[in-house]
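Worksheet for the structure shown next.
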Amino acid sequence: MPDLSSHSDKPDLIMDIPVGLSVELGRTQMPVREVMNLAPGTVIELDKRVEEPVDLYVNGCLIGRGEVVVVDDSLGIKITEIIAQKIPS
């Protein structure tokens, strides 16, 4: 299987296809009763500590980790680790 970190063997025509990128801050579980009681101002505690890296996904597949940063008036992610993924040949 080829490694995603090297794209020299991939046709150029697929390199400009947009993909969905998302960052997961953390997770939690709660009973349906608590979900039904959520309201503006409710704080939900997640399973990650502030200093832990967040997960970076491309189209739902974990590809890396990073730390949350502020970019002007927006949130961003500074990548600290790329996780090698294998794709079928």
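The values are calculated or read from the model by the stated rules, or taken from the named source; none is laboratory data. Bear in mind the structure is a predicted one, so any value in this text is a computation, not a measurement. Every residue, glycine as well, gets a Cβ built from its backbone with ideal geometry; the counts of neighbours run over all protein chains shown.
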Residue identified as modelled with pLDDT of 95 or more, of a type in the set (S, T, Y) and assigned to a strand (DSSP E or B) among T42, T28, T80: T80
Members of segment 36-70 that are more than 20 Å from A84 (Cβ to Cβ) and loosely packed, with under 10 Cβ neighbours inside 10 Å: M36, A39, P40, G41, T42, V43, E45, R49, V50, E51, V70
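Tell me whether segment 59-72 contains one or more residues that are part of a loop (DSSP other than H, G, I, E, B) and modelled with pLDDT of 95 or more.
There is at least one residue in segment 59-72 that is part of a loop (DSSP other than H, G, I, E, B) and modelled with pLDDT of 95 or more.
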Residue satisfying condition, being at pLDDT below 90 and either touching a Phe, Trp or Tyr at 6+ places or on another chain (Cβ under 8 Å) or part of a loop (DSSP other than H, G, I, E, B) (or both), within set S22, S8: S8
